[in-house]
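The structure appears below as C-alpha cells.
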Amino acid sequence: MTDAAALPGQPRDAVLSGPATARAVNVLAPNASAMTLDGTNTWIVSEPDSELAVVIDPGPLDDGHLRTVLDTAEKAGKRVALTLLTHGHPDHAEGASRFAELSGTAVRALDPALRLGDEGLAAGDVISLGGLELRVVSTPGHTADSLCFHLPADRAVLTGDTVLGRGTTVVAHPDGRLGDYLDSLRRLRSLTVDDGVHTVLPGHGPVLDDAQGAVEFYLAHRAHRLAQVETAVENGLRAPEEVVAHVYADVDRSLWPAAELSVRAQIDYLREHGLI
Ligand SMILES: [Zn+2]
C-alpha cells in the first residue's frame, strides 16, 4: 500500500520486471492500482548455480500469476523450495496457500496465522537454501508483522511494503505504528551504511539502486509529514479526516483513506511523545 506522496528527490527508476540482481528475479502480478502501483512484485531468489529457489510474496490469489511464477523458475532451471512472506496484506499473501499447494512448499511468515508447515520466521533468522543466504530483518511499522530480507551476496534488501520503489508507504494504523516504523527505517539505514546494501528490491514499484538515498528520503518525508500534522493539530484541526484534507491536499483523493491511516498513526505518535 502506498500513500503516493510525490515529493522531489525520488531515486531513479530501474527494473520493473525480470532479473534485478544476480540472484533476484521479479514476476510482476497483474494487480496494478493506485494502492499497489504497477502491481505486487513477486520475487524469485536463488544462487546462480543452484536449482533451489525461494519465492517471496506470491501475491494476490490469481492462478495465472502463481503459475507464471512457477514457470519462470522452471524455465531458469529452478525448483521453488520455500515460500516467504514480508507481511500479511492480501496483495502479498492472499495467494500464498494456493501457491504452496501448486509448488509443494512450506510458507514461513512472522504471523503464525499465515504459516503453512512447521517452521515460523523471526528476526535474526538466517534462511539458507542451496548456498543462498537471506537474513531476516525485523521491520514493523507498515504493519506489526512486516519483515525485510537482507540478501548480502547481492548487497540488496527485499523490503516488502516497508520501502517502495515509488512514492512512500502507509503506516497502517492501528496495526502499524509510527515509532516502530521510524526505528525500522533506521535499521534499514544501518544496513546500507554498515553492511553495504545498495539495492532495494521493493514489494511494489521499480528497483532502487541507491538504498541509502531511498531510506533517507523516507526518513525526511516522515519527519516532514509529522511536522505538517503537528501544525495542523495545533491550528485546531481535530478529526483525522480534517487533517488529511489539509495535509494531503496535493494527493489524489483515492489515496485519502490510506493517508488517514498514516495520519492516525502520526497523531498517536505525537500524543505518546507529549507533542500535542
Ligand atoms: Zn502492505
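The values are calculated or read from the model by the stated rules, or taken from the named source; none is laboratory data. Predicted, not measured: the structure shown is a model, and the values here were computed from it. A quick note on method: Cβ atoms are made from the backbone with ideal geometry, for glycine too, and the neighbour counts reach across all protein chains shown. In case anyone asks, the SASA skips ligands and DNA or RNA and just uses the protein heavy atoms, side chains included. Shrake-Rupley method; radii C 1.70, N 1.55, O 1.52, S 1.80 Å.
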Efficiency of FRET from Cβ geometry, residue 61 and residue 224, R₀ 35 Å, rounded to 0.05: 0.45
Crossing angle, helix 211-234 versus the chain [Cα axis fit, 0-90 degrees, rounded to tens]: 30 degrees
Neighbourhood charge, 12 Å Cβ-Cβ cut-off, centred on residue 120 and excluding it, Lys, Arg +1 and Asp, Glu -1: -3
Within the range 174-276, trypsin sites (Lys or Arg not before Pro) in DSSP loop having at most 15 other beta-carbon neighbours inside 10 Å: 238
Only Lys, Arg (+1) and Asp, Glu (-1) charged, at Cβ; the range 18-212 dipole about Cα centre in debye: 180 debye
Taking the range 18-212 and dividing mean pair separation by its residue count, relative contact order in percent (alpha carbons under 8 Å, at least six apart): 16 percent
222 nm mean residue ellipticity, helices alone, for the chain (DSSP H n ≥ 4; -39,500 (n - 2.57); rounded to 500): -10500 deg cm²/dmol
Farthest toward positive dipole pole in the range 18-212 [+1 Lys/Arg, -1 Asp/Glu at C-beta], among 137, 167, 46: 167
Alpha-carbon centroid distance for the pair the range 24-50 / the range 217-276, whole angstrom: 31 Å
Residues listed by number, the range 90-106, amide nitrogen under 16 Å from residue 74 label point at 7 Å toward C-beta: 99-105
Rounded percent of accessible protein surface that carbon and sulfur make up, the chain, 1.4 Å probe: 50 percent
Cα-based shape type of the range 18-212, given that a ≥ b ≥ c are square roots of the gyration tensor eigenvalues and the cut on a/c is 1.5: rounded
Cβ-based charge dipole, the range 18-212, positive-most Cα from 192, 85, 203: 192
Per-pair calculated FRET efficiency, R0 = 30 Å: residue 216 and residue 253 via Cβ, rounded to 0.05: 0.55
